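Notes follow once the structure below has been shown.
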Amino acid sequence: MLTIGKLAKQCHLNVETIRYYQRIGLMRIPETTANYRYYNDQDIETLSFIQKAKDAGLQLSEIQELLHLELDDREKVRHVIEQRLEKIDQRIRELQSLKVRLSTWIDECKTTTDTCCPILKALKQ
């Protein structure tokens, strides 16, 4: 049994992060015993799950959805991950478009003979 401070230390998190996860429903809030809330191995597993999912690029809402699914609910789990992948692909396309625009501006800046900066000119239009 761990207090929130010891749980945070063991999981390399801030106490406020754990409290936030509790407020948004990602983690349970244990009952108070002798003025303390004690956490168990299941809480450590939950925090590990959350961290691994965050490292994989999932958002907290997606993590919450996955936490409530059963281990054998492969179709629903796959659906959550496929949706996230679509969002990532869309963001990659947006970033690639932004890269092209910025690269074009740099090329114009390097090659223009105008006294006015083409980048600032484009931004002011």
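The numbers here are math on the coordinates, done by the rules we state, and not lab data. This structure is a prediction, so every number in the text was calculated from the model and none was measured. FYI the Cβ positions are ideal-geometry reconstructions off the backbone, even for glycines, and counts take in every protein chain you see.
What does the charge dipole of the chain about its Cα centre add up to, to the nearest 20 debye, if the Cβ of each Lys and Arg holds +1 and the Cβ of each Asp and Glu holds -1? Don't jump to the answer; show the numbers that get you there.
Values: 20 positive and 19 negative charges, 113 e Å.
Approximately 540 debye in magnitude.
Would you kindly state how much longer the chain becomes between Gln125 and Arg74 on full extension, computed as 0.36 nm times their sequence separation minus their alpha carbon distance, in nm to one decimal?
Length gained between Gln125 and Arg74: 13.3 nm.
In region 1-57, which GluC sites (Glu not before Pro) are in a loop and have at most 14 other Cβ atoms within 10 Å, using DSSP for the loop call?
Glu31
Quick check on the exposure proxy: order Ile24, Ile50, Ile81 from fewest to most C-beta atoms within 10 angstrom. Fewest-to-most ranking of Ile24, Ile50, Ile81: Ile24, Ile81, Ile50. For the pair region 65-95 / region 29-59, the C-alpha centres are spaced 22 Å from each other. Label sites at Glu86 and Thr104, each approximated as a point 7 angstrom past Cα along Cα to Cβ, lie 2.8 nm apart.
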